[in-house]
Amino acid sequence: EALRLNPDDGETLFNLALGLNQQGHWAEAAEVFARIVPMESQDPNAQYQFGRALAGLNRPREAMSRFASALLIQADHPDALDALSWILATDPNAELRNGPEALRMASRACELTGRKEPAKLKTLAAAHAEVGQFQQARELIREAQALAEAAGFSGLAFECQQMQNAFAASKPWRTSAPKP
C-alpha cells in the first residue's frame, strides 16, 4: 500500500527489498536494490543486503564487490565480513578463493559476535579447511553444529554435519552457490 501511494519512496523500497531477501526472492530483491543502492552509497547495511541478493543469485563477483563496499564504509561489519569470507573460502571458482584472507575476515566476524553465531563459526571452519587446517575446521564445525542444534536451526546443523564429513576426509568445502 505504501508503494502504491508513493512508488519512489526509498525507505519503503528498501524495506521491500529486505523482505524479499528474507524470503529468498533474490532476483526481485536484487532488482529493487539496483534501483535504490548506488555503488557509492555510504550505507554499509544497504551494500551488504544488496550483496546478499547477488550471492543468492550466484553472482559472486558482484556480491563480493558489494560486501567489500560495506567493509570500506564499516570495517567491522560482522555480516559483511562473514559473507565475503564465505565466498573467499568456499567458492568453486579457484580465482575467487583466498584462504588466508577468508580466515582473517571470518576470525574477525566471530570475534565481533562473541563466537556465539553458528553460521559465522561455520564460515570460520570453512576458512580453516581452505588453508589446510582440517583439525581446527573439524573442531569449529562441531561447535557450530552444537550451537545450531541448540538454537533449533536444523538446516544449518545438517549443513554443518555435511561439512564435518568433508573435513574428516581432509577436503575443503565447496558450494554451488555462495552463502547469501
| query | Cα axis of helix 60-73 to longest principal axis of the chain: angle in degrees, 0 to 90, nearest 10? | reply | 80 degrees
| task | Check cross-link reach from residue 116 to the aspartates and glutamates: straight Cα distance under 18 Å, and skip same-chain residues fewer than eight apart. | result | 76, 79, 82, 139, 143, 149, 159
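What number does region 21-180 give for Rg over Rh if you use C-alpha atoms and the Kirkwood radius? All intermediate terms of the calculation are to be shown ahead of the outcome.
Working: Rg = 14.9 Å, Rh = 15.5 Å.
A ratio of 0.97.
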| remark: By accessible area (1.4 Å), largest first, 141, 36 order as 36, 141
| remark: Diffing region 144-150: the Karplus 3J(HN,Hα) column from phi (6.51, -1.76, 1.60, θ = phi - 60°), in whole Hz with x for Gly and Pro, holds 4, 5, 4, 5, 5, 5, 4
| task | Enter the accessible area per residue of the chain (Å², integer; probe 1.4 Å; all protein chains in place). | result | 48 Å²
| remark: Fraction of alpha-carbon pairs in region 1-108 farther than 23 Å apart, rounded to whole percent, equals 27 percent
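How much of the accessible area of the chain, in percent, comes from carbon and sulfur atoms when a 1.4 Å probe is used?
Numbers: 4380 of 8660 Å².
With neighbouring chains kept in place, the figure for the chain is 51 percent.
The values are calculated or read from the model by the stated rules, or taken from the named source; none is laboratory data. Predicted, not measured: the structure shown is a model, and the values here were computed from it. Surface accessibility is based on the protein's heavy atoms, side chains included, excluding ligands, DNA and RNA. Shrake-Rupley method; radii C 1.70, N 1.55, O 1.52, S 1.80 Å.
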